[in-house]
Each structure stands twice: as structure tokens, then as C-alpha cells.
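The values are calculated or read from the model by the stated rules, or taken from the named source; none is laboratory data. On a predicted model such as this, the values are computed, not experimentally measured, just so you know. Virtual Cβ from ideal backbone geometry, glycine too; neighbours counted across all protein chains shown.
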Amino acid sequence: MKMVKAKTCERLGFWAARVAILISLSITGYMLFYIISKGASIISWDFLTKPPTSGMTAGGIFPAIVGTLLLVTLAIVISLPLGLASAIYLVEYSSKESRFVRLVELAVYSLNGVPSIVFGLFGMAFFVKFLGFGTSLLSASLTLSLMILPTIVATSVEALKSVPDHFREASLALGATKGQTIVRVVLPAAFPGIITGAMLGVGRAAGETAPILFTGAVFYMRGLPTSIFDPVMALPFHLFVLATEHPNISKVEPIQYGTALVLLILVLLISLIAAVIRYRYRRKRKW
Amino acid sequence: MAVLLVVMTSAILLSRTPTTTSTARSIKVKGSTTVLPIAQAAAEAWMEAHPRDSIIVEGGGSGVGIAALIDGTCDIANSSRTLKEEEKQKGLISHEIALDAVCVVVHQSNPVGELTLEQVRRIFKGEITNWSEVGGPNLEIVVYTRESTSGTYETFESKVMARENITLRALTKSSNGEMVQAISGNPNGIGYVGIGYLAQARGVKALKINGVTPTPETVRNGTYPISRFLYMITKGQPEGLAKDFIDFVRSPEGQKIVEEQGFVRLP
Amino acid sequence: MKEKIRLKLSGKILTFPPASVSILAVFFIFIFVFSQGLPLFSKISPFNFFFNSTWRPTATPPSFGIVPLFLGSLLVTSLALLISVPLGLLGAIYIAEIANPKIKEQIKLTVEVLSGIPSVVYGFFGLRVLVPLVQKTFGLPTGETALTGGIVLSIMILPTILSLSEEAISSVPVEYKEASLAIGATKWRTIRSVTIPAAASGITAAIILGLGRAFGETIAVMMVTGGAPIIPTSIFSPVRTMTQTIAAEMGEAVFGSTHYNALFALGIVLFTVNLILNLLAIRLIKKKKW
């Protein structure tokens with residue numbers, strides 16, 4: 001009797017689990033499908049390489065794509081060296097129990113997950129107004145770099161920590177200095193993990209709207225930015241404004257979906273590369 | 001490869017600093033979403049004629065523009081409201097550039113075609129909650145208002161609400177465009193926009209207020225009760241490109257652009 | 001010999017400054033936000049901020065009551081968890097225990113990739129599809145409600161909860177499960193009574209992190225919840241979250257004004273909530289004793 005009950009329970013449970021995963025994947029799947037189906041038709045070489053015209057109702061989104069790439073490049077150029085060096089210091093050069101290490105851990109963990117709008121608020125008040133950088137590529141990328149710093153530090157630390165000690169010991173035993181060991185042995189081994197972290201940061205920076213809202217993004221500017229003190233157009237901001245503010249929805253509808261699709265493709269591509277690297281890395285690991 | 005890309009990008013970007021050469025001028029114009037279409041069109045026209053000049057126009061609301069002007073992050077603030085005392089004390093000067101009517105809009109399927117100012121006030125206060133109370137169908141009224149950053153909101157508050165509070169239940173929209181989008185999608189809705197947005201808008205219609213339809217004529221002769229000036233504001237007297245641009249907008253050519261965008265030229 | 005010593009020293013010297021800069025940057029943000037937000041309490045009383053239920057920052061006189069905003073954030077987040085936790089947990093069980101290895105790898109990859117979708121895309125989908133849908137389905141005067149926000153957020157945090165819970169479940173030692181099966185329990189019984197409780201701290205951490213993400217989300221909720229600063233009386237009520245308040249009003253806040261301080265005060269609240277959640281989650285993750 002109990003066995004039958006248990007078996008039925010199991011069947012129900014398994015089905016519940018199957019249904020759950022199905023629902024989960026379908027909802028997101030539907031969302032993606034919806035955007036792809038409505039946006040695919042407008043994607044063309046022109047759409048990707050021409051600027052918008054006639055009050056956003058025609059033309060392409062080239063400046064927004066370029067803007068996003070610029071923002072992301074600058075953000076990672078600032079945060080990757082900073083984050084990686086911090087991680088190296090934490091893992092390789094400091095004793096595990098030192099106050100400094102705990103302080104950094106606390107700092108990184110407390111910044112991780114802080115709402116992106118708080119970064120935006122900080123960026124606006126500090127970079128734009130207080131330092132006087134104005135709404136610019138500079139202010140926006142600095143804000144973004146601060147936002148992704150914890151991710152970079154955390155993933156780099158994890159990557160470095162997962163390199164087995166005997167790698168280091170072997171290298172030192174052969175006569176290499178600590179510096180040489182780090183550069184020639186540890187870093188290459190930790191490379192996939194570090195790259196994954198960097199890509200996660202890049203993906204986030206590319207897709208976030210809140211940090212760039214008042215620090216550097218504009219809806220329309222003629223031409224591309226000519227200096228880091230110029231504002232930029234950016235894909236997520238572009239989508240946000242198109243979706244919420246244009247008075248003539250029907251005219252801009254295809255462009256909205258096209259922008260969403262391009263943003264999606266960009267971010268999902270980055271996400272995919274990061275995930276693939278991570279899985280290849282996990283499987284390849286011989287230790 | 002990636003490193004090369006990064007280095008190249010950085011080189012291009014860092015090679016120029018904020019331009020102070022006399023050959024290329026640039027200004028940032030920020031603020032009212034009501035003035036936005038006018039500023040945008042005028043900026044495009046100006047840059048056609050003067051390719052070396054660069055004018056970046058952004059929205060965000062009158063409040064945003066004025067705050068940016070005070071904090072020094074833009075050169076001209078577009079505004080659809082008058083300056084407050086504290087703002088005038090900071091040295092801000094406003095220049096009239098057009099006339100506008102704040103239109104009360106509803107979904108185009110709404111049978112109600114006109115309201116009195118008093119009724120509008122009571123609806124926005126939250127005292128009248130059903131369309132049937134003002135001659136419409138038995139539907140709950142959904143009030144849409146603007147964020148506090150909006151000059152249109154301030155104008156509506158002073159001219160229609162007589163400084164009484166709009167109900168907190170009102171859904172907030174952050175631009176004229178968003179307001180139009182929202183109402184065109186909701187048959188129960190009521191909101192307010194600048195007259196220039198009616199031209200482009202689909203799915204909404206403006207109500208007669210106290211029997212008067214908002215048109216350029218009724219704005220000019222003052223019979224439409226919710227009319228106002230639109231402004232471009234500067235910190236101190238405008239100079240350089242800012243001065244030229246504002247003069248341009250106030251010129252006959254600029255005023256033609258004002259009308260093309262659906263607003264009313266200066267008297 | 002001398003060169004080697006030099007190299008060793010310089011490695012430390014090279015990396016210590018960036019590490020310090022990182023901490024300094026973090027603490028600076030923290031200090032800055034507090035320094036710009038605390039002055040609010042010299043202009044209005046803390047009681048007025050934390051327990052006032054009217055948020056009218058530009059009225060005369062202005063009112064900065066956080067109650068409707070906090071409740072708005074709370075309601076939307078709770079709804080999101082209500083939807084995504086059961087789905088996420090059951091889904092994680094599927095991935096970890098029921099799926100065959102090939103499918104498992106594919107699903108895991110998919111879920112990880114999906115967790116990178118930008119919030120503005122979710123908001124866009126919510127605005128175009130969910131708002132009209134909710135309005136029609138429930139016959140509401142408007143589809144911009146807390147419920148809509150909750151649904152959008154739940155879709156957004158689902159991948160996070162799925163993948164983190166799955167990790168927690170997968171890291172339960174095989175011995176536990178084998179022991180349970182050995183004494184005759186069915187697989188499901190094992191999952192229910194052995195695996196899940198063993199993974200409890202990891203799962204709770206996953207939920208907390210999902211909660212944190214939902215609580216701090218701005219753009220997606222901004223586009224679908226209506227933005228009315230009222231105390232919600234039902235899930236169909238429009239709401240205004242703290243995050244969306246900052247985003248909507250930060251543009252007009254003049255540096256140093258009371259409104260500006262108030263927005264930073266909201267930032268302090270968000271910062272604090274996030275900190276508490278993070279510390280809780282870390283405690284739980286570290287608690288695992290095997």
C-alpha cells in the first residue's frame with residue numbers, strides 16, 4: 001500500500017518537475033520568439049549600418065550599436081586590469097586571513113548586486129555633476145566599469161583559486177620567481193575562467209540601461225562621438241526610449257523590435273561564448 | 001586582435017579633448033519633451049546650414065533641463081513652464097520661443113467630446129471616477145499624469161488644478177510621447193499633452209474645454225483656457241552658438257518650424 | 001639573484017595599488033551615497049521619511065514618505081518570488097535529478113545563456129504583451145499593475161533561481177542519496193526528504209539572490225507598473241517602486257537639493273537591503289559543512 005502511494009507520489013512529483021521546466025523555458029522561449037519574429041524582417045545591412053532618419057521612424061541604428069560597443073570597450077578596459085590585478089593580489093600575494101583580504105571581500109560582496117540605478121545615481125551625481133564630466137561617454141563608462149568590477153574580481157578570484165597549488169609549487173621548484181610563476185603558469189591556467197568573468201561583465205554592461213540613463217546616453221545625436229566627453233547613443237537606451245516615448249507607435253514598431261533583436265543577439269552571443277568557454281573549461285580540466 | 005581594437009578605439013577617442021577651437025561649435029540642449037520636436041527640427045535645420053556646428057538635443061522633461069542648466073551640464077534648457085523664484089535667483093533667463101495649448105486627451109473611441117475645466121479638475125483630483133458621471137460609458141476613469149520633471153505637469157497643476165493635488169492613483173508617464181502611447185492604448189484613459197503631439201498622434205483626441213477646441217487661433221486669442229508659452233532657458237545671457245540657435249528659433253524661419261511641428265508661433 | 005628579488009617585489013607592488021583602488025572605489029561609492037542621502041534627515045525628520053505614506057516631492061510643501069514606494073517594491077518582489085520559486089525549484093530538481101545527462105547539459109547551457117537577457121528587453125515584452133494581456137484577462141481598467149510587474153520580474157529571475165538551485169542540489173553528496181535509496185525510498189522520496197533539505201542552504205541562497213535582483217530592478221518594472229505612488233490595496237493596483245522613483249526623478253534633482261537628498265536616501269535603503277540580503281546569502285553558502 002505504502003509502495004503504491006510512494007510510486008504515485010513520485011510520478012506526480014516527476015511530472016510537476018517536468019512541467020515546471022517546460023513552463024520556465026517556454027515563457028522565456030516565447031518572449032524570444034516573439035521578438036525575433038517581429039524584428040527579423042527589419043534587420044538588414046542598412047538597418048545595422050545607417051543612422052536613424054525622419055524622427056526615428058526610418059533608417060537604422062548604427063550609432064546605437066557603435067555607442068554600445070564603445071561603452072563596453074571602455075568599461076572593460078578600465079575594470080578588467082583593475083579587477084584582475086586585485087584578484088591576483090588577493091589570491092597570490094596576501095595571506096588568506098589578512099584583514100585586507102577580508103576587507104576586499106566585504107567590499108566586493110557588498111557591491112555585488114547593488115541595484116544598477118544606484119550606480120546610475122552615483123554616476124550622475126559624481127562623474128557628471130561633481131567632477132563636471134557632463135553626460136558623456138566617459139561618465140557612462142566609468143559608471144559601468146564600477147558596476148561590473150565586483151563581477152570581474154569575484155570570477156577572477158575563483159579562477160585563480162581553482163588553479164591547483166602544485167602548479168605553483170612545481171614552477172617555483174624549477175627556480176622561477178613568484179612573478180614568473182603567476183605570469184607564465186597561473187594566469188594561463190586561469191585564463192578561461194577570467195575570460196568568462198570578463199564576458200559576463202561585458203554582457204551586463206552592454207545590456208544595462210539604468211547606469212547610462214543620466215550619465216551618457218542620448219536618444220539622438222548627429223554622427224558618432226568624437227571624444228570621450230561626447231554623449232553616445234546606446235542600444236538598451238534606444239530601445240527604452242523608442243518603446244516608451246514615441247508618440248507614433250505604429251510607425252516605429254518595426255524599429256523597436258529590430259533594436260530589441262539586435263540587442264538580444266549581441267548579449268546572447270556574449271553570454272553564449274562565456275557559457276561555452278566555461279563548459280569547455282570544466283570538461284577539459286585535468287585536475 | 002582584441003587588444004589592437006581596444007588600443008585603436010582608445011587612441012581615436014582620447015586624441016580629442018572638448019573642442020574649444022573656433023571652427024567647430026557645439027551645444028547641448030536638454031529638457032522639455034514638449035519643446036523637443038521643435039528643438040530637434042530646428043537643430044537639424046541649423047546643422048544643415050552650418051555643418052560645423054553640433055547641437056545635441058535631449059528630452060527628459062523641463063525639470064531635467066533646468067537642473068542640468070543649473071548644474072552646468074547643458075547649455076540651453078527647453079522648458080514648457082515658467083521659472084520658479086529659486087531658479088531665477090540662480091541667474092536663469094527664459095526666452096519665449098512658441099505658444100502651446102495643453103490639451104486634455106482621451107482615447108479616440110471615447111464618446112465624451114468636451115468637459116468643463118471644473119470637471120477636469122475633479123477627475124484629476126480623483127473625485128469623479130467613472131466616465132458615466134460626465135456623460136460617457138460606464139467605465140472606470142484611468143487618470144494619467146506626468147512625472148514631476150515635466151513642465152507640462154506644472155502648467156496643468158497651476159492652470160487646471162489651481163494648485164490642488166492630482167490624485168496619487170494617477171499613472172505617471174515621463175514624456176508627452178509616453179502619455180500619447182498610454183492613452184491610445186486604453187479606452188478608459190484621460191491625460192494631457194502639448195498640442196504639437198496631436199498632429200503625430202494616433203488613437204487619441206483632444207477634448208473641448210469649456211466649449212473651446214484647442215487650435216492655434218484659440219490659443220492666440222486666449223479663449224482656450226490652458227495655453228502657455230514655451231521657452232528656451234539659458235544661464236545668464238546666451239552667447240555663441242546658444243545665442244544663434246535661440247535667435248534662429250525665434251526668427252520667421254524658426255517659427256515656421258514651430259508651426260510645422262504642430263505648435264503655435266509667437267504673437 | 002638580485003633580479004629575481006626585484007621581480008618578486010614588483011609583482012606585489014604592481015598589484016597592491018589596483019586592489020586598493022578597487023576597495024577604495026567601493027567604499028567611496030558607499031560613503032558618497034550616504035553623504036548625499038543623510039542630509040535629508042537634517043531637513044526632514046526620519047520619522048517623516050520612513051513612516052509617511054505620501055510621496056510628493058515637488059508639491060508645496062513637498063512630502064517624502066517612503067512607505068508607498070517600499071511597499072510597491074515589496075509587493076512586486078513578493079509576487080515575482082511567488083511565481084518563480086516553485087517553478088525554479090521544481091525545474092532545478094528536474095535538471096539535477098531527472099533529466100538524462102545529454103539533455104541536462106543542453107538545458108543548463110540554455111539557462112545560463114538566458115540569464116544574460118537585458119532587463120529592458122523584459123520590460124519591452126512586458127509593455128507590449130503582458131500589460132494588454134493582464135488588462136484583458138482580468139477586465140481591469142489598466143494593465144499596468146503590481147501583478148504585471150511581478151510576472152515580468154519572475155521571468156527575469158527564473159534563470160538565476162534555476163541555475164543556482166540546480167547547483168545546490170547537484171552538490172549534495174552522492175552518498176546521501178545512495179543511502180536513502182538503499183533503505184528503499186523512491187527517488188522522489190529521496191529528493192523530497194533527503195536531497196532538498198541537504199541543499200536547503202544553497203537553495204535559500206539562490207532565492208535570496210533572486211530576491212535581491214528583483215528588489216533592485218528598475219527598467220523592467222518601470223515600464224509596466226504604472227508608477228502611481230500609492231499603497232497597493234491589491235495585486236491589481238498600480239505601484240511605484242523605489243528603484244523606478246529614482247530613475248524617473250533623478251534627472252530633475254538639482255545637486256544638493258532636498259529632492260536630491262531624498263533620492264539618495266532611497267539609494268541608501270536599497271543599498272542596505274541589498275547588503276543584508278548578500279550577507280545572508282553568503283552566510284548560507286558558507287554554512288555547507290561537507
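In table form, for the structure just shown:
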{"read-out": "Only one of A:L69, A:L74, A:L90, A:L80 that is on the phi < 0 side of the Ramachandran plot and either in contact with a strand residue (DSSP E or B) (Cβ under 9 Å, 6 or more places away or on another chain) or at the interface with chain C (Cβ under 8 Å from one of its Cβ atoms) (or both)", "value": "A:L90"}
{"read-out": "Given (1) within 21 Å of C:F30 (Cα to Cα); (2) away from chain C (no Cβ under 11 Å), index of the condition A:M147 fails", "value": "(2)"}
{"read-out": "Qualifying residue in the stretch C:238-255 (condition: surrounded by fewer than 24 Cβ atoms within 10 Å (Cβ to Cβ), at pLDDT below 95 and more than 7 Å from every other protein chain (Cβ to nearest Cβ))", "value": "no"}
{"read-out": "Selection within the stretch C:48-66 - within 12 Å of another protein chain (Cβ to nearest Cβ) and in a helix (DSSP H, G or I)", "value": "none"}
{"read-out": "Number of the exception - B:S132 against (1) in contact (Cβ under 8 Å) with a residue 12 or more places away in the chain; (2) over 22 Å from the mean Cα position of the chain (by Cα); (3) more than 24 Å from B:E239 (Cβ to Cβ)", "value": "(1)"}
{"read-out": "Residues being among the hydroxyl-bearing types (S, T, Y) and either farther than 16 Å from A:I152 by Cβ or outside any helix (DSSP H, G or I) (or both) - total across the stretch C:21-34", "value": "0"}
{"read-out": "Residue satisfying condition, being within 11 Å of chain C (Cβ to nearest Cβ), in contact (Cβ under 8 Å) with a residue 40 or more places away in the chain, β-branched (V, I, T) and over 25 Å from A:P225 (Cβ atoms), within set A:V153, A:V128, A:V118, A:V114", "value": "A:V153"}
{"read-out": "Checklist (1) of a type in the set (G, A, S); (2) modelled with pLDDT of 95 or more; (3) within 25 Å of B:I190 (Cβ to Cβ) applied to B:A77, failing item", "value": "(3)"}
{"read-out": "Residue selected from the stretch B:172-208 under the condition assigned to a strand (DSSP E or B) and crowded, with 24+ Cβ neighbours inside 10 Å, by the criterion nearest to the chain's Cα centre (by Cα)", "value": "B:G194"}
{"read-out": "Meets criteria (part of a helix (DSSP H, G or I) and surrounded by fewer than 18 Cβ atoms within 10 Å (Cβ to Cβ)) for C:R213", "value": "no"}
{"read-out": "Tally, over the stretch A:177-195, of residues that are in contact (Cβ under 8 Å) with a residue 24 or more places away in the chain and facing chain C (nearest Cβ under 10 Å)", "value": "2"}
{"read-out": "Tally, over the stretch C:165-196, of residues that are part of a helix (DSSP H, G or I) and either within 13 Å of another protein chain (Cβ to nearest Cβ) or closer than 18 Å to C:K286 by Cβ (or both)", "value": "17"}
{"read-out": "Unique match (being under 30 Å from B:P37 (Cα atoms), β-branched (V, I, T) and within 21 Å of the chain's Cα centre (by Cα)) among A:T68, A:T57", "value": "A:T68"}
{"read-out": "Flag for C:K102 being among the charged types (D, E, K, R) and at the interface with chain A (Cβ under 10 Å from one of its Cβ atoms)", "value": "no"}
{"read-out": "Check on C:L140, aliphatic (A, V, I, L, M), in a helix (DSSP H, G or I) and either in the same structural domain as C:S237 (by TED's automatic domain parsing) or at pLDDT below 95 (or both)", "value": "no"}
{"read-out": "All positions within the stretch A:213-240 that are surrounded by 24 or more Cβ atoms within 10 Å (Cβ to Cβ) and either within 11 Å of chain C (Cβ to nearest Cβ) or aromatic (F, W, Y) (or both)", "value": "A:L213, A:F214, A:T215, A:F219, A:A234, A:L235, A:P236, A:F237, A:H238, A:L239, A:F240"}
{"read-out": "Qualifying residue in the stretch C:105-115 (condition: over 22 Å from the mean Cα position of the chain (by Cα), facing chain A (nearest Cβ under 10 Å) and crowded, with 18+ Cβ neighbours inside 10 Å)", "value": "yes"}
{"read-out": "Residue match in the stretch B:150-159 (condition: touching an Asp or Glu at 6+ places or on another chain (Cβ under 9 Å), within 29 Å of C:K136 (Cβ to Cβ) and aromatic (F, W, Y))", "value": "no"}
{"read-out": "When residues of the stretch B:170-200 are limited to those that are more than 26 Å from C:G139 (Cα to Cα) and of a type in the set (G, A, S), the one nearest to the other protein chains (Cβ to nearest Cβ)", "value": "B:S175"}
{"read-out": "Test: residue in the stretch B:216-224 that is in contact with a Leu (Cβ under 6 Å, 6 or more places away or on another chain) and assigned to a loop (DSSP other than H, G, I, E, B)", "value": "no"}
{"read-out": "Matching entry among C:S73, C:S22 (being at pLDDT 90 or above and polar (S, T, N, Q))", "value": "C:S73"}
{"read-out": "Subset of the stretch B:215-267 [surrounded by 20 or more Cβ atoms within 10 Å (Cβ to Cβ), over 17 Å from B:I56 (Cα atoms) and over 20 Å from the mean Cα position of the chain (by Cα)]", "value": "none"}
{"read-out": "Test: residue in the stretch C:88-98 that is closer than 30 Å to C:A253 by Cβ, within 12 Å of chain A (Cβ to nearest Cβ) and either among the basic types (K, R) or buried (at least 17 other Cβ atoms within 10 Å of the Cβ) (or both)", "value": "no"}
{"read-out": "Restricting the stretch A:79-92 to residues that are more than 17 Å from the chain's Cα centre (by Cα) and touching a residue at least 40 places away in the same chain (Cβ under 8 Å), the residue that is surrounded by the fewest Cβ atoms within 10 Å (Cβ to Cβ)", "value": "A:E92"}
{"read-out": "Residue pairs meeting the criteria (Cβ under 6 Å; at least 6 apart or on separate chains; first under 28 Å from C:L209 (Cα atoms), in the stretch C:167-188; second exposed (fewer than 11 other Cβ atoms within 10 Å of the Cβ))", "value": "C:P173/C:W290"}
{"read-out": "Index of the failed condition, A:T226 passing every other in (1) in a loop (DSSP other than H, G, I, E, B); (2) at pLDDT 90 or above", "value": "(2)"}
{"read-out": "Odd one out for C:P39, checked against (1) within 13 Å of chain A (Cβ to nearest Cβ); (2) free of Cβ contacts under 8 Å to residues at least 24 places away in the same chain", "value": "(2)"}
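Okay, residues lined up against (1) charged (D, E, K, R); (2) at pLDDT below 95:
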position	(1), (2)
B:V106	no, no
B:E114	yes, yes
B:F124	no, no
B:V134	no, yes
B:L139	no, yes
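Yes or no, residue by residue, for (1) within 7 Å of another protein chain (Cβ to nearest Cβ); (2) touching an Asp or Glu at 6+ places or on another chain (Cβ under 7 Å); (3) surrounded by fewer than 24 Cβ atoms within 10 Å (Cβ to Cβ):
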{"site": "B:T34", "(1), (2), (3)": "no, yes, no"}
{"site": "B:E44", "(1), (2), (3)": "no, no, yes"}
{"site": "B:P51", "(1), (2), (3)": "no, no, yes"}
{"site": "B:I55", "(1), (2), (3)": "no, no, no"}
{"site": "B:G63", "(1), (2), (3)": "yes, yes, no"}
{"site": "B:A68", "(1), (2), (3)": "no, no, no"}
{"site": "B:C74", "(1), (2), (3)": "no, no, no"}
{"site": "B:S79", "(1), (2), (3)": "no, no, no"}
{"site": "B:K84", "(1), (2), (3)": "no, no, yes"}
